[in-house]
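The structure appears below as structure tokens.
The values are calculated or read from the model by the stated rules, or taken from the named source; none is laboratory data. In this text, all values refer to a predicted model and were calculated from it rather than measured experimentally. Ideal geometry is used to build each Cβ from the backbone, glycine not excepted, and the neighbour counts take in all protein chains shown. Ligands, DNA and RNA are stripped out before the accessible areas are found, and what is left, the full protein with its side chains, is counted by its heavy atoms. Shrake-Rupley method; radii C 1.70, N 1.55, O 1.52, S 1.80 Å.
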Amino acid sequence: MLEQVKRDIQNEWFQQRFSNDGQRFVAWYVQNIHRRDANETVEDVTDGSDDKQIDAVVIDDDSSTIFVIQGKFVNGSTVDAEPLREVLSSWVLLKDLVQLQETANQKLKRRLPEFATALEDEYSVSFELIVTGELTEAANADLAQFQRELADAEDFPAEIHIVDIEEMKRRYSMALERENPSLSHTLELEHGKYMDMQLGTTRCIVAALSLSECIKLPGIKDGTLFQKNVRQSLGLNNRVNKGIKDTIYGIESDDFFFRHNGITALCKRAEVEDQMLQVTGINVVNGCQSLNTFLSCSERVRKLDNAYVMFRFYEIPERERADRISISTNSQSSVKPRDLRSNDRRVLTIKQKYEQKYSEGYFITKRGEEAPADKNQLYVVDLLELGKYMMAWHSQRPNVSYSETKIFDKHFEQLFRRNTEYLPENVNALNRWMAEVNERWVKDNPLAMNESLLAMKAYAPYHHLYAVSLFFCRANRIGSGVPNPAITYERALKSQLIKHVVDSAGTCLNGALETAANEPQPANRVFSPQNWIRTKSCLAGIRQSISNYFNFLPSLPEGGDLSKKLHDGLKMQNDQFEERWAAD
């Protein structure tokens, strides 16, 4: 693995963008393990002078986790405790973001506003120390102490994990299979602490597994072990997880087995031979929080001799049956707001009307649901994405579109209260507009957008959609109001202006970012694109950029003809605009 990393970082891309092998090593890890694209990787890496022992900051919205990364690209075979102390030092500094903002380097300053926003959204924090050698015995002792200190902190709980070459190799393999991973593992069972039984046609193995054996399972931290789970780790500040941690560190850890309800795993095949359990295609459907907490306290867990948890392994190769069991097993688990809304009457009404109008289409309401193979992908709509489109278009708040929780919890009533009357043509139009937008957010960068903008693919495309709606407002000289989505798409399609509108809206978005970046900043502050994209000030900047575009058209060669074509082709009636749907 180390030889592969050394070869990979000699690649021209790493050589041109990062000044030394230490930075390239961190960038390689961010790109290959956290699966960040090229632009995101450049933004995430903060290594350099005054980096405050923070080499990279990765904010993963899918897992609601902030990863703070420190890399040690050393030639020696062992690593002492000094890097661990550096991680602890960075943890202390991150507690005071105001002070850190004043002393950190420019790269880190740009990441801190997004870091702060993620903390406000209750993201968990995970420190990762990536090393090319093994920790010394003294360093391992310090690791156990630091894990406990970070986990016990009431004001800023966090996790710390060591990623050595073996762990990196495992994570790299998992990352390559992330789209459709199949995990296999061998566990050591203890004599007298397991049962192997047949219930009907199903093989069941119930075992008391030591916590130290549990943390050896692959795919805990990256979530691939929990594909069928309704959620990922909720972090150490969750009430239940705090209780698990307290029991692990408490004097009653021997009673852990009796205090825990157990963990359930499905697998395609299970075989026991000489007290070794070989499982293929394993997937934990109940126990995500517990296993993540065990891993967060790994050094303590490894020293517990009598801490066990009940583990149930069900050999179920049939996918449909496994899915049904997974749902039943998780019926008492907390689920995301979007899941709770999937059977809402208003949502089901939209689905019914849409599929009646577009027989070749399909409206996905449930997480993990897939459209039938005979449906036209151009007409497949996902409830989650539709909520984000509505937030950007009807509420004119693309800076909120990134947050699934806010859309389906805080703002659901505002967005969907009138949707018993929401036309399927509008659903289709928003979906088609966004498909056009997404075609511009690709590696080739056809609109030559700023790299900082491309690094925000989780947020910025919704601002692009917002800019499309503003194009119709400005073309019709409407100061405030939201155009009907179906009519905008119909007008642009008829006048063959779809490409021009989407391209120009993207260019205006890019111009708004660059204008904001060139504005003077307060002392000890730097412009942060990640912070700007989430603020209302960026919306005013986009609106002004589009206004400038239309104002400058007549002065350009053939600008008058283009201006007339836009005003004529995008012409709408006043009653085809409505008030913004309030979302704040």
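The table for this structure:
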item	result
Cut-off 14 Å, label 7 Å out along Cα→Cβ of His191, residues of the range 267-283 by amide N	274-276
Cα centre as origin, Lys/Arg/Asp/Glu Cβ charges: the chain dipole, Debye	2180
For Arg203, residues with placed amide H under 5 Å, excluding near neighbours	Glu315
Amide H contacts under 5 Å for Val163, placed H, 5+ residues apart	Leu129, Ile130, Val131
Over 30 Å between alpha carbons, listed pairs Lys107/Lys410; Lys193/Lys303; Lys6/Lys242; Lys353/Lys494	Lys107/Lys410; Lys6/Lys242
Local net charge near Gln275, Cβ-Cβ under 11 Å (Lys/Arg +1, Asp/Glu -1)	-4
Measure of compaction for the range 125-177 (Cα Rg per 2.2 N^0.38 Å)	1.30
Whole-Hz couplings from phi, Karplus 6.51/-1.76/1.60, listed for the range 534-550; x for Gly and Pro	9, 10, 6, 4, 5, 5, 5, x, 5, 4, 5, 5, 5, 4, 4, 4, 5
Helix 137-152 vs. the chain, principal-axis angle (Cα, 0 to 90°, nearest 10)	60
Residues whose placed amide H lies under 5 Å from that of Ala56, excluding near-sequence neighbours	Thr46, Ile69
Rounded to 10°, Cα long-axis angle of helix 424-440 versus longest principal axis of the chain	80
Calculated Cα extents along the principal axes in Å (choose from (i) 97, 74, 55; (ii) 83, 60, 42; (iii) 90, 65, 42), label	(ii)
Rule-of-thumb Rg ratio for the range 391-549 [Cα; 2.2 N^0.38 Å; N residues]	1.04
Backbone N within the range 377-410 under 11 Å of label point (7 Å from Lys366 Cα along the Cβ vector)	none
Protection proxy ranking of 525-532, 249-256 - average other beta-carbon atoms within 10 Å, highest first	525-532, 249-256
P(r), alpha carbons of the range 23-125 - 10 Å bins starting at zero, rounded %	15, 48, 32, 5, 0
Modelled FRET efficiency - R0 56 Å, Trp13 with Glu154, Cβ distances, 0.05 increments	0.85
Carbon and sulfur %, accessible surface of the range 97-200 computed with the full protein complex present, 1.4 Å	46
Exposure ranking of Thr41, Thr535, Thr515 by accessible area [1.4 Å probe, largest first]	Thr515, Thr535, Thr41
Nearest-ten-degree value, helix 345-357 long axis tilted from longest Cα axis of the chain	60
Burial order of peptide ranges 134-145, 119-130 (average beta-carbon count within 10 Å, highest first)	119-130, 134-145
Counted charge near Gly22, where neighbours are those whose Cβ lies closer than 9 Å (Asp, Glu -1; Lys, Arg +1)	-1
Glu519 versus Glu385: modelled label distance in nm, points set 7 Å from Cα along the beta carbon direction	3.3
Whole-Hz couplings from phi, Karplus 6.51/-1.76/1.60, listed for the range 97-110; x for Gly and Pro	5, 5, 5, 5, 4, 7, 10, 6, 6, 4, 4, 5, 4, 6
Per residue accessible area of the chain, 1.4 Å probe, in Å²	46
Estimated inter-spin distance, Glu318 and Ala458, nm [label 7 Å along Cα→Cβ]	3.9
Protection-proxy order for peptides 541-553, 370-382, each taking the mean of Cβ atoms within 10 Å per residue, highest first	541-553, 370-382
Approximate spin-label separation Asp274-Ala448, in nm, with each point projected 7 Å along Cα-to-Cβ	6.7
Accessible heavy-atom area order of Ser504, Ser480, highest first, probe of 1.4 Å	Ser480, Ser504
Val58, Val92, reordered so the largest accessible area comes first (probe 1.4 Å)	Val92, Val58
Alpha carbon centroid spacing (whole Å) that separates the range 188-209 from the range 1-56	45
Cβ-defined net charge surrounding Ile205, 15 Å radius [Lys, Arg +1; Asp, Glu -1]	-3
Per-residue HN-Hα couplings for the range 490-496 [Karplus 6.51, -1.76, 1.60; θ = phi - 60°; Hz; x = Gly/Pro]	5, 5, 5, 5, 5, 8, 6
